[in-house]
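Engineer: Below: one structure in structure tokens.
The values are calculated or read from the model by the stated rules, or taken from the named source; none is laboratory data. Please read all numbers here as calculations on a predicted model, not as lab measurements. Methodologically, a virtual Cβ is constructed for each residue, glycine included, from the backbone with ideal geometry; neighbour enumeration extends over all protein chains shown. Side chains included, ligands, DNA and RNA excluded: accessible areas come from the protein's heavy atoms. Shrake-Rupley method; radii C 1.70, N 1.55, O 1.52, S 1.80 Å.
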Amino acid sequence: MKLILFSIVVLAVMVLPIKSDQNEEDHHMHPLFTFRKRLQKRAMPWIAFDPTNTEESGDYWRNVGQELLKTQLKKNTINTNKAKKVIMFLGDGMSIPTLAAGRVYMGGEEKQFSFEQFDYSGLSKTYCANTQVADSACTATAYLGGVKANYGTIGVTAAVDINDCKAQNNTQYHVPSIAEWAQLNGMSTGVITTTGITHASPAGVYAHTANRDWENNAEIKKIGGNPEECEDIARQLVYGKVGSKLNVVFGGGREHFLPKWKKDVSGGRGKRTDNINLIEQWKITQSQLNHTKKYVQTRDELLNLPNNLDNVLGLFATTHLPFHLDSDETKYPTLAEMVAKALDILEEQNRQHGRGYFLFVEGGRIDHGHHYTQAIKALDETVEFNKAIELTKRRTSEEDTLIVVTADHSHTMSLSGYSSRKNDIFGVNNGQIADDKLPYATLSYANGPGYERNILLSAGGKRKNLLETNMKDKNYEFPTTVPLEYETHGGDDVAVFASGPYSHLFTGVFEQNFIPHAMGFASCIGNGLKSPSC
């Protein structure tokens, strides 16, 4: 029988010149744009696997179904308490295939991430105001500010185009984040990430910018802009209305706060050309506010922080924190360790003042693993992300704490073929050979750098035999269909999981910008509707 091949529509885009500097990889991963059939049939393959596990009989699955039914019936009790604490976890690029593959990585298809056991879940539509496929900038504006924005912009409405400094400075176009809503209500606030703290997702907590790449003043100069007129993201963290009031700030990205002549504790140099040391300026600013503050830059310093602080800034790497699989855990904190210390401090502030808190936590390097088509690293980062959520769930109460877990966008990784149960998720499909008589990977990408690494150019583009390839190497780039320097995001919906007060609101299929409106409703902050519990 003949195979059906689907027709593919190729969208042509004109890419702006790519910047070269330390952040070159980030710029390539998230490019900023200016926007201007053959039929066959195929039968299902015949597959012969070992006999099914006899323990998983018909009765086994009937019991599984009945137990799940009992669990679902318990969800009829809706929690309408006030959410005194709101914690949002953002898995950057944590697509639904990432979750499915991640379960196998954890030990089997039947495994569950801790947040998949939350009572309520839904699907979020992730497109930007001007693009079908989103980046982490416009999505941050949506899930933190409640407004869809243009690709590459943060904390501003769609009235602001990329690089439009004048529009960026128009406060009428600024989108206040839920962190600002919380601060206006007297709540403590915090932001944690495994990327640089000025990266797109964490910047959505406190910044308003017409270009996500404007992490320091030198980046603005590169495109001919004037950093005296357009404030960079690092400055907004130190001096901004929201940034300067954040009680806990943990992440990487020291280079954006230091002048070029200054080396940090790791030997990395700063990127700023204005001769300003923003880390020292942060200390001065907090002292002027009579705040008990602390700056830390190593894992040991983090773990030894006292809990009775007003403000803490922790920058643990020159750029992003290393991938967990590459990290020296004696030097760099894990995401779970950063979250644990943040909870120590925020809970102490709540104990003293009773004002509650909003905390944003990003597992940011899931996204980078996918951009490199290094699926092993992407899935491992997802497991690390899960550990932080599991810890948080244990340390908080559903009675007064709303936890929302989601992703900003998807990726192009797919989980395909007819492999047997428990087959190595990082190996080849063991149920089928491709038409070229070669095995193919269970995980692959629609595009990205894994293209040329998996074909033989000398043999006219014939695929390499994956059985002769070390697919267990953590840096292995999985096969792709289209060659690109970096893999792109995907446009599919992403999952949302919620636990605690008003978590039932996060069900169904909804626009991504709905998320902060629901969190604000549950916690009685913002200018929108408020729950009867307020």
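Engineer: I need the fraction of alpha carbon pairs in the stretch 229-283 separated by more than 19 Å, rounded to a whole percent.
Structural biologist: The proportion of pairs with Cα distances above 19 Å equals 25 percent.
Engineer: Going by amide H atoms built from the backbone, whose H comes under 5 Å of the H on His411, apart from near neighbours?
Structural biologist: Close amide H contacts, sequence-distant or interchain: Ser95, Gly490.
Engineer: At 0.692 mPa s and 37 °C, plugging the Kirkwood radius over alpha-carbon pairs of the chain into Stokes-Einstein gives what diffusion coefficient in µm²/s?
Structural biologist: Diffusion coefficient, whole number: 136 µm²/s.
Engineer: Right, something else. Which whole-percent values make up P(r) of the stretch 208-254 when all C-alpha to C-alpha distances are grouped in 5 Å steps starting at zero?
Structural biologist: The distribution over the stretch 208-254 is 5, 22, 30, 23, 13, 6, 2, given as percents.
Engineer: P(r) for the stretch 64-118, please, calculated from all Cα pair distances in 10 Å bins and given in %.
Structural biologist: Going from the shortest bin to the longest, the percentages are 17, 36, 36, 12.
Engineer: How big is the stretch 106-229 along each principal axis, measuring the range of its Cα positions in Å and listing the largest first?
Structural biologist: 54, 35, 25
Engineer: Show log10 I(q)/I(0) for the stretch 392-494 at q = 0.11, 0.12, 0.23 Å⁻¹, two decimals, from a solvent-free Debye sum over equal Cα scatterers.
Structural biologist: Treating every Cα as an identical point scatterer, log10 I(q)/I(0) equals -0.46, -0.53, -1.27.
Engineer: When you count, for each residue, the other Cβ atoms within 10 Å and take the mean per peptide, how do 295-306, 183-194 rank with the highest first?
Structural biologist: 183-194, 295-306
Engineer: In what order, largest first, do Trp261, Trp61, Trp282 sit by accessible area if the probe radius is 1.4 Å?
Structural biologist: Trp261, Trp61, Trp282
Engineer: Compute the distribution of all C-alpha to C-alpha distances in the stretch 149-301, in bins of 5 Å from 0, and list the percent of pairs in each, rounded to whole numbers.
Structural biologist: 2, 10, 18, 23, 21, 15, 8, 3, 0
Engineer: Here's a follow-up. Across the stretch 359-367, in residue order, what do the Karplus-derived ³J(HN,Hα) couplings come to in whole Hz, using 6.51 cos²θ - 1.76 cosθ + 1.60 with θ = phi - 60° and x for Gly and Pro?
Structural biologist: My calculation for the stretch 359-367 gives 10, 10, 10, 10, x, x, 8, 4, 4 Hz in order.
Engineer: Can you work out the Karplus-derived ³J(HN,Hα) for every residue in the stretch 175-182? Use 6.51 cos²θ - 1.76 cosθ + 1.60 with θ = phi - 60°, whole Hz, and x for glycine or proline.
Structural biologist: 10, x, 8, 5, 5, 5, 4, 5
Engineer: Using the crude model of +1 on Lys and Arg Cβ and -1 on Asp and Glu Cβ, and no other charge, please compute the dipole size for the stretch 265-418 relative to its Cα centre, in debye to 20.
Structural biologist: 400 debye
Engineer: What share of the DSSP beta bridges in the chain is antiparallel, in percent to the nearest 5?
Structural biologist: Antiparallel bridges: around 35 percent, rounded to the nearest 5.
Engineer: Only loop residues by DSSP count here, and only those with at most 12 other Cβ atoms within 10 Å; note down the trypsin sites (Lys or Arg not before Pro) in the stretch 89-148 that meet that.
Structural biologist: For trypsin sites (Lys or Arg not before Pro) across the stretch 89-148 that sit outside H, G, I, E and B with at most 12 neighbouring Cβ atoms in 10 Å, the list reads Lys111.
Engineer: From the convex hull of the Cα coordinates of the stretch 349-454, what is the mean projected area in square nanometres?
Structural biologist: Answer in nm², one decimal: 9.2.
Engineer: Determine the shape class of the stretch 314-370: with a ≥ b ≥ c the square roots of the Cα gyration tensor eigenvalues, call it rounded for a/c under 1.5, and otherwise prolate if a/b is greater than b/c, oblate otherwise.
Structural biologist: prolate
Engineer: Ok, one more. Defining a contact as two alpha carbons under 8 Å apart and six or more residues distant in sequence, what relative contact order in percent does the stretch 299-404 show?
Structural biologist: Across the stretch 299-404, relative contact order equals 29 percent.
Engineer: When only alpha-carbon atoms are used, what values of Rg and Dmax, in angstrom, describe the stretch 323-407?
Structural biologist: 14.7, 47
Engineer: Could you order Asp408, Asp326, Asp274 by accessible surface area, starting with the largest, using a probe radius of 1.4 Å?
Structural biologist: Asp326, Asp274, Asp408
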